[in-house]
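Single-structure report; data block below.
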Amino acid sequence: MHIGRRELKNRLSHYLRHVRESMQPIYIIHRGEVVAELRPVVTGPGDDETLFALAAAGELSLGNGRRFRSFKPIKPRRAVSLAGIVFEVRR
């Protein structure tokens, strides 16, 4: 399947679902030329070793498994604008 860049931008969720369900690649065209390929990820038994090798080479960093548990959102005070809060936090 070949689609244009603008069509992909406008309907990205649709095309991601299509790739996931059909397991067929989609080729993205820009100005009459294929510039990218959207295809499903093929997972296999060696994927963990590949990730660890990339991490050892410094190409990516592995997560630590935490999901922002220590994050506490700012509770806005009355009569203070959001811009004021952002300005205050950035000081």
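Any read-out appearing in this document is the output of simple, stated calculations on the displayed coordinates, not a laboratory observation. From a predicted model like this one, the values you see are computed outputs, not experimental measurements. For neighbour counting, all protein chains shown are included, and Cβ atoms are generated from backbone atoms with ideal geometry for every residue, glycine included.
Would you mind classifying the range 20-65 by shape? Square roots of the alpha carbon gyration tensor eigenvalues, ordered a ≥ b ≥ c; an a/c under 1.5 is rounded, otherwise it is prolate if a/b is larger than b/c and oblate if not. It is prolate, given that a/c is not under 1.5 and a/b is the larger ratio.
Comparing 64, 27, 83 along the charge dipole axis of the chain, the residue lying farthest to the positive side is 83, per the Cβ-charge model. Near residue 18, once Lys and Arg are set to +1 and Asp and Glu to -1 for all other residues with Cβ below 13 Å from its Cβ, the sum equals +2.
Taking N as the number of residues in the chain, what is its Cα Rg relative to 2.2 N^0.38 Å?
On the way: Rg = 21.4 Å, N = 91, 2.2 N^0.38 = 12.2 Å.
Here the answer is 1.75, to two decimals.
Explain nothing, just the number: dipole magnitude of the chain about its Cα centre with +1 on each Lys and Arg Cβ and -1 on each Asp and Glu Cβ, in debye rounded to the nearest 20. Using Cβ point charges on Lys, Arg, Asp and Glu, the chain gives about 1040 debye.
An oblate overall shape is assigned to the range 2-42, the ratio a/c of its alpha-carbon gyration tensor axes (a ≥ b ≥ c) being 1.5 or greater and a/b not exceeding b/c.
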